[in-house]
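The structure under discussion appears below in the form of structure tokens.
The values are calculated or read from the model by the stated rules, or taken from the named source; none is laboratory data. Values in this document were obtained by computation on a predicted structure and should not be read as measured data. Neighbour counts run over all protein chains shown; Cβ positions are idealised from the backbone, glycine included. Ligands, DNA and RNA are stripped out before the accessible areas are found, and what is left, the full protein with its side chains, is counted by its heavy atoms. Shrake-Rupley method; radii C 1.70, N 1.55, O 1.52, S 1.80 Å.
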Amino acid sequence: MTVIGIDDTDSRERGMCTTYAATRLAARLVAAGATVDRTLLVRLHPAIEHKTRGNAALAVHCDADPATAADAVEAVLGLATTGDDRTNPGAVVADLDPDAVPAPVEQFARRAVRERCSLAEARRLSTAAGFRQLTRGNGRGVVGALAATGAWAAFDEWTYECLSYRERERRGTERVVDRDSVFRAADTFYPEVWDTVDRVEQTAVCVPRTPGPVLHGIRGETADAVQAVAARIESEPVSARRTFVTNQGTDAHLQRTSLSGVENGGCYRVDATVTAGPETREGGHVFLRLGEDTGSNSAETRLRAAAFEPTKRFRDRVRALRPGDRITACGEVGDDTLNLEKFAVRGLVKTERVTPTCPDCGRSMSSAGRDAGYRCRDCRTTAPGRVERPVGRDLDAGWYEVPPCARRHVAKPLVRGGFDAPTHPEQ
Ligand code: ZN
């Protein structure tokens, strides 16, 4: 077997896309007489600030001999570059079974999903493993290429995406996709196929808005289901279509840790207590403060958490939290702020302490002085201190998530199941 890893072929100016490069690479290998077993689409930790939605690297598993594979890679890399210094593609060709990559390469793949990895390390590991490296520009793409090569051994949870591509001459123009056919197909195959549409925002999430060759991408649990949905969508002509095995929708990026273990640049799942907020600020962003998971709203605040405006109705769930609530929060941390993707309600504050009311006249009592309790001026009744009153809550125990329109590629939709508490999926 030969494993080819490839990454960083996307150019902002020319609208290339690494998945398309892998699709062309697979077609070239087949034309050369090889069999392609699968193509992997691996979402890595964003290595560059502006790639916030998730950096893609690809691997092709095939039976081509390494020399033929390297020729095909050279041909595809030749299409990717010229004149854009932010395009630094890299590829590795490994003469081995995808299950049998060396342990350091497997570990590198696991880390590359969760943190930034260096080009120097990727090159060193590739050389040590005897992998052929093919690059353009500064070769930064070797990082993703090596991670994609190790991914099959590193991870055991996979989903599928069927990507359909536009004809070359249409790229850059508005995509022609029949909305009704998208919603019909999405409904027919939900929840085996997810994040095709956002039923509240009424948007076809599967159709990208950025320039680039992708017409639509259908995500789900099985290759058959994603292909069936793609086939039912009525649209402009499709020039190529390929189904990828992918770590999308698996939460592979989240590390479990405590609040004290959180660092900027990482993606986490942490247990915490809400210590302050929620507060809605200019732009419609909602902020919370989180402290250690003690269940006390006097816990020391360690981290800010935010649900930003693009997360839409998810912000209403966050606004329903109160100080003292115990939650599990998930998301990426940057600027000392956890960007919430989902959270689980573990314990809700059910009472609040309020000024007592007079048992005789029913009016609010007033303070009788420092540490002197409360009294009613008219009826001369007294109370020793504040009293507990039940609070109505608009949240239930369990998991809440951003809607499909705001989901990052790697985040696991609740509808996929396997969570440790009840779920409240967004459709
Ligand atoms: Zn009274």
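Summary table
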item: Single match in PRO102, PRO98 (criterion: closer than 30 Å to GLU332 by Cα, open to solvent by less than 60 Å² (accessible area, probe 1.4 Å) and more than 26 Å from the chain's Cα centre (by Cα)); result: PRO102
item: Scope segment 338-363; condition touching a Phe, Trp or Tyr at 6+ places or on another chain (Cβ under 8 Å) and either open to solvent by 60 Å² or more (accessible area, probe 1.4 Å) or assigned by TED's automatic domain parsing to the domain that holds ARG304 (or both); matching residues; result: LEU338, ASN339, LEU340, LYS342, PHE343, ALA344, VAL345
item: Unique match (being small (Gly, Ala, Ser), assigned by TED's automatic domain parsing to the domain that holds SER239 and farther than 19 Å from VAL415 by Cβ) among GLY172, GLY217; result: GLY172
item: Any chance PRO404 is more than 16 Å from the ligand (Cβ to nearest atom), under 16 Å from the mean Cα position of the chain (by Cα) and open to solvent by 50 Å² or more (accessible area, probe 1.4 Å); result: no
item: Residue match in segment 267-285 (condition: over 30 Å from GLU352 (Cα atoms), in a strand (DSSP E or B) and not aromatic (Phe, Trp, Tyr)); result: yes
item: Residue within segment 382-399 that is more than 16 Å from the ligand (Cβ to nearest atom), assigned by TED's automatic domain parsing to the domain that holds PRO278 and touching a Gly at 6+ places or on another chain (Cβ under 9 Å) present; result: yes
item: Count of residues meeting criterion [within 30 Å of GLN255 (Cα to Cα) and not in a loop (DSSP other than H, G, I, E, B)] in segment 360-411; result: 7
item: Flag if THR173 is hydroxyl-bearing (Ser, Thr, Tyr) and open to solvent by 30 Å² or more (accessible area, probe 1.4 Å); result: yes
item: Selection count where residues are within 20 Å of the chain's Cα centre (by Cα) and open to solvent by less than 60 Å² (accessible area, probe 1.4 Å), scope segment 176-198; result: 7
item: Single condition ARG375 does not satisfy, out of (1) away from the ligand (no atom under 16 Å from the Cβ); (2) crowded, with 17+ Cβ neighbours inside 10 Å; (3) of a type in the set (D, E, K, R); result: (1)
item: Residue match in segment 129-143 (condition: of a type in the set (Ser, Thr, Tyr), closer than 20 Å to LEU44 by Cα and under 27 Å from the mean Cα position of the chain (by Cα)); result: no
